[in-house]
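One structure is given here, and the rest of the page talks about it.
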Amino acid sequence: MTTPVPALNFDLDLVTSLEERAFNAWPAQKSALCGGWLLRLSEGYTKRANSANALRPTAAFAETLRIAEDFYARHGLPTIFRLSPLASPESDHQLEQAGYRKIDRSLVMTAALPQQTQSTPDVEILAAPNHAWSTGFAEANRVPEAARAAHDRMLAAITMPAAFATLSDNGAPIAYGLAVAENGAVGLFDIVVAPAARRRGAAARLVGALLAWARHKEQAVHTCKSKPTTRPPSDCIESSDSNNNMNTITAYAHRT
């Protein structure tokens, strides 16, 4: 099932603030600035942390493309551009002309936190990931074994207040999630449910506990999350109340 990205007039100041929050929530190990583009590097693990991202582009894109290709080639990685509304249509056109294909279209959606949020005793929330959480999360999220060390280093590098959540059923972990709070908002990342436990409300319970953490501990008033516009059924988790009343604020795709 494919949902087309809606044609919206994006608030670029709001998009910028969300982009900055997302970079903080999923930090790259190394980065470089180039003509208003942020080149991120993290041992090749995840496209967000190993891609070129527009912030406030100033240079001609042809020069940015050349520098980015040299940068990632020097580090033995493919060149990936993550294109948000902050990137000009011309950059998208030039990448298409250069043979870069567009993949992973996603929406970024926000909503006000509900006034009443409720945690559940079945959800354990940690301020920092321990070995059990990192291992369970990596397995549930299908992180390749070769990328586990880089994955753990990125989690440890999160500097904003974070919640590492585990939902258990009869003592057995069945779902994991990560929330990162910053400046009145909380981002939800990688809410993953074990395949055998899906379609039973696990995601809703986990998200509810993370929103309660954000409301009561970090005084967040908005929640935001990314939603792929195409997601295979095998990767889906059940809908939760967090999907209701959400507004699409921005969208992005990758070219590689």
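Pull up the cross-link candidates among the lysines for residue 47, meaning alpha carbon to alpha carbon under 23 Å and not fewer than 8 places away within one chain.
Output for residue 47: 30, 102, 225, 227.
Under a GNM of the chain (C-alpha, springs under 10 Å), which listed residue has the highest mean-square fluctuation: 219, 94, 116?
116
Going through the DSSP H helices of the chain, which span 15 Å or more along their own axis at the Cα atoms while scoring at least -1.0 as a mean Kyte-Doolittle hydropathy?
The qualifying helices are 12-25, 61-74, 202-217.
Quick check on packing: order 135-148, 29-42, 186-199 by the mean number of other C-beta atoms within 10 Å, highest mean leading.
186-199, 29-42, 135-148
Just the number please: accessible area per residue for the chain, 1.4 Å probe, all protein chains included, in Å².
50
Could you work out what % of the accessible surface of segment 82-229 is carbon and sulfur, using a 1.4 angstrom probe and leaving DNA, RNA and ligands out of the count?
On segment 82-229, the fraction of accessible area on carbon and sulfur atoms equals 50 percent.
Show me the trypsin sites (Lys or Arg not before Pro) within segment 50-107 that DSSP assigns to loop and that have at most 13 other Cβ atoms within 10 Å of their Cβ.
101
Could you tell me the distance between the Cα centroids of segment 161-221 and segment 61-92, to the nearest Å?
33
Assuming a ≥ b ≥ c are the square roots of the Cα gyration tensor eigenvalues, decide whether segment 127-223 counts as rounded (a/c under 1.5), prolate (otherwise, with a/b larger than b/c) or oblate.
Since a/c reaches 1.5 but b/c is at least a/b, the shape of segment 127-223 is classed as oblate.
The values are calculated or read from the model by the stated rules, or taken from the named source; none is laboratory data. All of these numbers come straight from a predicted model, not from anything done at the bench. Please note: Cβ atoms are built from the backbone with ideal geometry, for glycine as well, and neighbour counts cover all protein chains shown. Protein only, heavy atoms only, side chains kept; ligands, DNA and RNA dropped before computing areas. Shrake-Rupley method; radii C 1.70, N 1.55, O 1.52, S 1.80 Å.
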